[in-house]
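The values are calculated or read from the model by the stated rules, or taken from the named source; none is laboratory data. Everything numeric here is computed off the predicted structure, so don't read it as measured data. Quick reminder, even Gly has a Cβ in these numbers, built from the backbone with ideal geometry, and neighbours come from all protein chains shown.
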Amino acid sequence: MKHRGSARANGANALPRGIDPEQKAPGVYPPVVDAAGIAPLSSTGRDSLTVARECAAEAQRIMREGFGRVGVSATKGRGNVLTETDLAVERAATAILAREYPGMPVLSEESAAGTRSDGWLWVIDPVDGTKNFSRGIPHFCFTIALCHENEPAVGLTLQPLLGEEFAAVRGQGAMLNGRPLRVSGTASVRESIVAVDMGYNDARGRRQLELALALWPGMESLRIPGSAALGIAYVAAGRWDIFLHADLQAWDLAAGLLLVREAGGIVTDREGRPATIFSKGLIAATPAVHADFMQRAGHLPWRE
């Protein structure tokens with residue numbers, strides 16, 4: 001990616017542009033940063049986006065092999081399922097990260113959901129949209145981000161069946177298969193394709209439906225896709241104009257935060273504050289649609 005100015009309209013804090021060579025953690029990873037000064041190079045001298053792409057390539061191979069042939073192996077709650085593919089992708093990705101960034105913490109949905117770090121942290125969702133995957137619905141993805149102080153520096157979301165790679169590096173823009181991404185020019189909710197997702201909290205899911213009903217028919221169309229990471233990426237790509245969710249985890253949104261910001265959009269929590277990887281609720285939209293939505297929905301109880 002060629003360097004260009006960041007379009008972070010929501011004002012989140014910038015990451016350090018480099019690392020003090022004296023702050024090396026011996027045996028963990030080298031203190032050398034990539035050419036843009038964004039993130040540490042791996043133990044083999046590769047930049048973090050290249051490593052993320054290797055993880056995504058393995059994930060794509062495994063998901064393509066399992067799609068339509070792998071069923072549910074466990075149920076974590078209503079609608080929240082686990083397949084052998086989730087576990088296989090996570091094992092493959094974490095093995096690559098352990099080799100390339102030994103000792104760097106990894107936060108991953110299936111086996112390391114409690115990992116936290118104020119320094120560098122990889123965040124992975126091996127299969128976002130597992131319910132879709134398990135039922136043969138071709139709308140799911142692999143998503144990975146490298147974060148520092150809980151802000152994404154590098155993010156990648158891959159739709160494995162279509163081979164669509166949504167990628168972003170802090171300050172260098174967002175790309176879809178190497179082509180620059182920009183959010184749409186839509187100016188109001190009434191002109192928008194609105195996407196919402198439900199999550200696994202019954203009360204929050206109900207309020208999402210109530211919110212959609214309150215906005216209807218003041219929109220072009222409504223989508224409930226079943227993959228938060230793809231939903232956010234689609235805002236960055238200008239396919240949807242606003243995406244709303246009220247029950248997220250860090251692995252659902254880490255890469256998407258960077259994608260939308262670098263594509264010129266805004267990502268906030270339900271109160272309108274800049275979203276972080278630990279925000280529970282999220283509004284990702286074009287700047288104009290975000291402002292219009294906050295004005296129209298401000299009196300509704302959807303924030304609770």
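Just so you know, in segment 177-192 the residues that are surrounded by 20 or more Cβ atoms within 10 Å (Cβ to Cβ) and not hydroxyl-bearing (S, T, Y) include one that is farthest from L282 (Cα to Cα), and it is L181.
Summed over segment 141-158, the residues that are of a type in the set (D, E, K, R) and at positive phi give a count of 1.
Are any of the residues in segment 122-130 assigned by TED's automatic domain parsing to the domain that holds G45, hydroxyl-bearing (S, T, Y), surrounded by fewer than 24 Cβ atoms within 10 Å (Cβ to Cβ) and more than 17 Å from G256 (Cα to Cα)? No; the residues of segment 122-130 include none that is assigned by TED's automatic domain parsing to the domain that holds G45, hydroxyl-bearing (S, T, Y), surrounded by fewer than 24 Cβ atoms within 10 Å (Cβ to Cβ) and more than 17 Å from G256 (Cα to Cα).
Of the strands (runs of 3 or more DSSP E) lying entirely inside segment 137-242, those containing at least 1 residues that are of a type in the set (S, T, N, Q) and more than 20 Å from the chain's Cα centre (by Cα) span 221-223.
With the requirement that a residue be surrounded by fewer than 20 Cβ atoms within 10 Å (Cβ to Cβ) and at pLDDT below 95, what does segment 224-246 give you?
If the condition is that a residue be surrounded by fewer than 20 Cβ atoms within 10 Å (Cβ to Cβ) and at pLDDT below 95, then I224, P225 are the ones that fit.
Set side by side, the residues S134, S117 differ, and just one is more than 27 Å from F293 (Cα to Cα), in contact (Cβ under 8 Å) with a residue 12 or more places away in the chain, more than 13 Å from the chain's Cα centre (by Cα) and crowded, with 18+ Cβ neighbours inside 10 Å, which is S134. Under the condition of being touching a strand residue (DSSP E or B) at 6+ places or on another chain (Cβ under 8 Å) and either modelled with pLDDT under 90 or among the polar types (S, T, N, Q) (or both), the residues counted in segment 35-65 number 6.
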